[in-house]
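Notes for the one structure printed next.
Quick note: the coordinates plus some simple rules give every number you see, no bench work behind them. Nothing here was measured: the structure is a model prediction, and the numbers come from that model. We place every Cβ from the backbone using ideal geometry, glycine too, and count neighbours over all the protein chains shown.
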2 protein chains.
Amino acid sequence: MSTKIGECPPFEGGQREAQGVLFFICVLLVFPLAAFAQNPAQRIFNQPKFQAATEFISKDHDRFVRELIQITEVEAPPFKEEKRAKAFVEMLRQSGLSDVSIDAEGNVIGVRKGTGGGPLIAIAAHLDTVFPEGTNVKVRQQGTRLSAPGIGDDSRALAVLLMLVRAMDAAKIQTASDILFIGNVGEEGPGDLRGMKYLFQRGPYKDKIKMFISLDPFGPGGDITIGGVGSKRFKVTFKGPGGHSYGSFGLVNPAYALGNAIARLSRMQVPSKPRTTFNVGVVGGGTSVNSIPFESWMDVDVRSESKEELNKAVDTFTRLMHEAADEENRTRTTSQGRIDVDVKLIGDRPFGQTPMNASMVQTAAGVIQMFGMNPTYGSASTDSNIPMSMGIPALTLESGGFGGRNHTLDEWIDVDKMSSIRGINIVMGILLALAGVQ
Amino acid sequence: MSTKIGECPPFEGGQREAQGVLFFICVLLVFPLAAFAQNPAQRIFNQPKFQAATEFISKDHDRFVRELIQITEVEAPPFKEEKRAKAFVEMLRQSGLSDVSIDAEGNVIGVRKGTGGGPLIAIAAHLDTVFPEGTNVKVRQQGTRLSAPGIGDDSRALAVLLMLVRAMDAAKIQTASDILFIGNVGEEGPGDLRGMKYLFQRGPYKDKIKMFISLDPFGPGGDITIGGVGSKRFKVTFKGPGGHSYGSFGLVNPAYALGNAIARLSRMQVPSKPRTTFNVGVVGGGTSVNSIPFESWMDVDVRSESKEELNKAVDTFTRLMHEAADEENRTRTTSQGRIDVDVKLIGDRPFGQTPMNASMVQTAAGVIQMFGMNPTYGSASTDSNIPMSMGIPALTLESGGFGGRNHTLDEWIDVDKMSSIRGINIVMGILLALAGVQ
């Protein structure tokens, strides 16, 4: 017998009001009651309270969309997440969590107490976006399609956390485990996972969290990130004497060294398996069009699924940077000073893996299957890298719905209700299956 | 008979107090009185009032240095000259000029009325520096060596204007011409000579100024800029779809197009005669290290003494920019969009020339010779380009003293008194020879 709820007909638009009910009837039809005891995923479906929570999610979806927009429109550049953190604290409280605070690193943490007897579980979405201060974060809405920088990565997940708190309260769900709801800082860019590093390595919850879920970013809900892709990030700075563009023409120019370095890097060969990537994300430097700059720089990201390939790529990249500086020193005059290059490590995300046979992975896969989807397993560089690298079971899950173009100004998601709430239900199912419902 | 005052012994440090007197005695010894009538340069030396003014300059040099520091420490980035403009208005008033105001473009203009009968002469120093907001403009002083961004280019020249006003008043000098003392905006970088364009082409003095002197930058005083080097300045922007550094690896990246464009440009061949130059001054773009940027850009300066060579260089440069975009579109996938390049003209300084045989040039050369120096003639891209391009006689002169590294954070000048006041005296001599002393 198939255990796929996907055999039920897909919900139609006109049936949305009733979809929670339809959905539960489906579950009852497909799973004989005897099966519910078989695993945590099935047991959670056996809980009328879980059903009540899914019904609440369906009814509360409009508020979810409003909050998602509200969160998105509070800008949260790397290292400047405070405004969004403050807003999110307030929203978590309004959603029913009383024990909420901002930790020393800037993470928002709210505790939902369990009855005891379960391991401490943390579920997190990141507050920060990749976008700098001043980016227009106003949400453009066309039907169910919402566009704005950061809306899917990771505002949607933050709104999901609020929804989970409300749905669990509405359904009077008591878990065995305490659950930490976290809106964390420092996932993107230069943040270098600082929120997680504090949480797992220095803060009051150090050594206490036994399982970790990161929601990041949007996506239907079938994908489980069990591998933490390692990444190293660098600021490469070429420095030179600078000078007047006309009067000092012929002096070495750090911008030319930078350009030649980028050109060399753009031709670097990396394997597609194990997936290995590199990126020039930001460039800068120089004071005016008519001055030879005294410094030109770029931020570079190198990632790989394999530690060996990452190290190889980093070695090649570093060599190319020095070659570019040397070339500039050979090409123009160094009478006023040479080009020096500084390759500074600004980010180092550790590798990590939650084993396929870990019960956390099995439980998550079981829940996903119950929602009619085939779980897929992948690797990425997310907040889960930190617990994974420490041997703490951790997964990164999709926050539901669909969308595209994250990390661009054209980032969008679709909050079409069926896909949107299914994703939320999957996350809730996994969380509750792990936390144990009384 | 030589007319070079340089045959007098150089002033020694210990003689500084007396140098004005010594200097005048020298003049009397070297030039028989009969020669004074020969040309305007000589006539000016015949004026006891000119001598009195040079004496005042010698005595007032400490104040000059204080004001020079004061001006330098008010930052004046391109398009943000207001703070320095306001300070300079106040300083011009304190120096004795009553009729001072800020025009619609932001230029400070003070009028020193003449007795009539002479052509209107303008003498200008530029308020703006090449340095952006937030640059540390605190002056470091080691003996007579002063270091700070902008101190020689063009703070020293602004302080010279103040000194000229005071010296002329102290010596009760009345000129035939009205003289406009100007602290103008927009000489550097993106300013694109906006101060001069307003002054000569739109403002109330349009068509009225008959001779123009720009003081820019420091230098002993023997150099006369009679050629206006043409320049064209561009903002080159590469735009692409952007994306996630890991998830979208393989998409075209505007930073790679930029890097390759800079690399190509860095190898562009230009003639050394007529002197032709290019520069990448500022680069920017991108939002975070882990995002493929949606835009990367640079500011480029191309200059030449020859219109034909400038056009050739600009054509080559423009072709290289498009080749770099094309290369990126061939090298990576354009499935989410292509790299487009926009080459936007952001500055266009017209060519110009004040003929060698113009009386203004002859007079300036005569004064310089009287101070024992051989005048040299050059071309540069300065505020004088505007009047020169309109056929209005214009020169750019050095503001005195010596120094180096302008347009860098290490910019410095030396205010060693002998060299410093000689430069001021040369400028005053040229100005008064042109304006006619009653």
Checklist line | the stretch A:81-200: mean projected area of Cα convex hull, nm² | finding: 8.2 nm²
Notebook entry, point to check: Going 7 Å from the Cα of B:Thr333 in the Cα-to-Cβ direction, what parts of the stretch A:403-427 have a backbone nitrogen less than 16 Å from that spot?
Noted result: A:404-406
Next item on the list: Mind checking B:268-281 for the average number of partner chain beta-carbons within 10 Å of each residue's beta-carbon?
Entry: 4
Notebook entry, point to check: What's the center-to-center distance, using Cα atoms, between the stretch B:45-111 and the stretch B:168-195 in Å?
Noted result: 9 Å
Notebook entry, point to check: Each residue of the stretch B:271-285 in order: what ³J(HN,Hα) in whole Hz does its phi give by Karplus 6.51 cos²θ - 1.76 cosθ + 1.60, θ = phi - 60°, with x for Gly and Pro?
Noted result: x, 8, 9, x, 4, 9, 9, 9, 7, 9, x, 9, 10, x, x
Next item on the list: Among B:Ile413, B:Ile346, B:Ile151, rank each residue by its count of other Cβ atoms within 10 Å, from fewest to most, as a rough exposure measure.
Entry: B:Ile346, B:Ile151, B:Ile413
Notebook entry, point to check: To the nearest 0.05, what FRET efficiency results for B:Lys206 and B:Gln269 with a Förster distance of 30 Å applied to their C-beta separation?
Noted result: 0.15
Next item on the list: Report the FRET efficiency, 1/(1 + (r/R0)^6), for A:Lys113 and A:Ile346, where r is their Cβ-Cβ distance and R0 is 30 Å, rounded to 0.05.
Entry: 0.20
Check: Between B:Arg112, B:Arg349, B:Arg267, which gets the highest mean-square fluctuation from a Gaussian network model of chain B, Cα cutoff 10 Å?
Finding: B:Arg267
Item checked: Charge-dipole axis of chain B as Lys and Arg at +1 and Asp and Glu at -1 on Cβ define it, positive-most pick from B:Ile102, B:Ser147, B:Val130 -> B:Ile102
Notebook entry, point to check: How big is the charge dipole of the protein assembly as shown about its Cα centre, in debye rounded to the nearest 20, if each Lys and Arg gets +1 on its Cβ and each Asp and Glu gets -1 on its Cβ?
Noted result: 0 debye
Next item on the list: Pull up all non-local amide H partners of A:Asp223: gap of 5 or more, or a different chain, and H-to-H distance under 5 Å with H placed in the peptide plane.
Entry: A:Thr376, A:Glu398
Next item on the list: Rank A:Phe64, A:Phe131, A:Phe294 by mean-square fluctuation in a GNM of chain A with C-alpha springs under 10 angstrom and give only the top-ranked residue.
Entry: A:Phe294
Item checked: Residue order, fewest to most surrounding Cβ atoms within 10 angstrom, among B:Met388, B:Met373 -> B:Met373, B:Met388
Checklist line | Per-residue [θ]222 nm for the protein assembly as shown (sum of -39500 (n - 2.57) over DSSP H runs n ≥ 4, rounded to 500) | finding: -11000 deg cm²/dmol
Next item on the list: May I ask for the Kirkwood hydrodynamic radius of the protein assembly as shown, worked out over all distinct Cα pairs and given in angstroms to one decimal?
Entry: 31.1 Å
Next item on the list: Would you mind listing the distances between the B:Asp342 label point and the same position in each other copy? Use 7 Å along Cα-to-C-beta, nm, one decimal, shortest first.
Entry: 3.3
Check: Can you give the FRET efficiency for A:Ala104 and A:Arg66, using 1/(1 + (r/R0)^6), R0 = 41 Å, r = Cβ-Cβ distance, to the nearest 0.05?
Finding: 0.85
Notebook entry, point to check: What do you get for Rg/Rh over the stretch A:309-414 if you use C-alpha atoms and the Kirkwood form of Rh?
Noted result: 1.20
Check: Gap in Å between the Cα centre of the stretch B:321-362 and the Cα centre of the stretch A:256-325?
Finding: 25 Å
Next item on the list: Pick out which of A:Glu308, A:Glu90, A:Glu328 has the largest mean-square fluctuation in a Gaussian network model of chain A, springs linking Cα atoms closer than 10 Å.
Entry: A:Glu308
Checklist line | Pseudo-label separations to other copies for B:Gln174 - Cα-to-Cβ vector, 7 Å, nm | finding: 10.4
Next item on the list: Towards the positive end of the charge dipole of the stretch B:330-438, with charges on Cβ (+1 Lys, Arg; -1 Asp, Glu), say which of B:Met390, B:Trp412, B:Leu434 has the farthest Cα.
Entry: B:Met390
Note to self: Counting each pair of different Cα atoms once, what's the Kirkwood radius of chain A in Å, rounded to one decimal?
What the structure shows: 23.2 Å
Checklist line | Cross-link pairs beyond the 31 Å C-alpha cut-off, checked among A:Lys197/A:Lys307; A:Lys59/A:Lys208; B:Lys86/B:Lys197; B:Lys80/B:Lys239; A:Lys172/A:Lys206 | finding: A:Lys59/A:Lys208
Note to self: Translational diffusion coefficient of the stretch B:33-132 at 25 °C, 0.890 mPa s, Stokes-Einstein with Kirkwood Rh over Cα pairs, in µm²/s as a whole number.
What the structure shows: 151 µm²/s
Check: Which whole-Hz couplings ³J(HN,Hα) result when phi for each residue of the stretch A:375-382 is put into the Karplus expression 6.51 cos²θ - 1.76 cosθ + 1.60, θ = phi - 60°, listed in order with x for Gly and Pro?
Finding: x, 10, 10, x, 10, 7, 10, 9
Notebook entry, point to check: What ³J(HN,Hα) values, in whole Hz, does the Karplus curve 6.51 cos²θ - 1.76 cosθ + 1.60 give for the stretch A:230-235 when θ = phi - 60°, with x put for Gly and Pro?
Noted result: x, 9, 10, 10, 9, 9
Margin query: Using a label point 7 Å beyond Cα on the Cα-Cβ vector, give me the inter-copy distances for B:Pro132 in nanometres, one decimal, shortest first.
Written below: 0.7
Check: What shape does the stretch A:374-438 take by its C-alpha gyration tensor, where a ≥ b ≥ c are the square roots of the eigenvalues and a/c under 1.5 counts as rounded, a/b above b/c as prolate, and the rest as oblate?
Finding: oblate
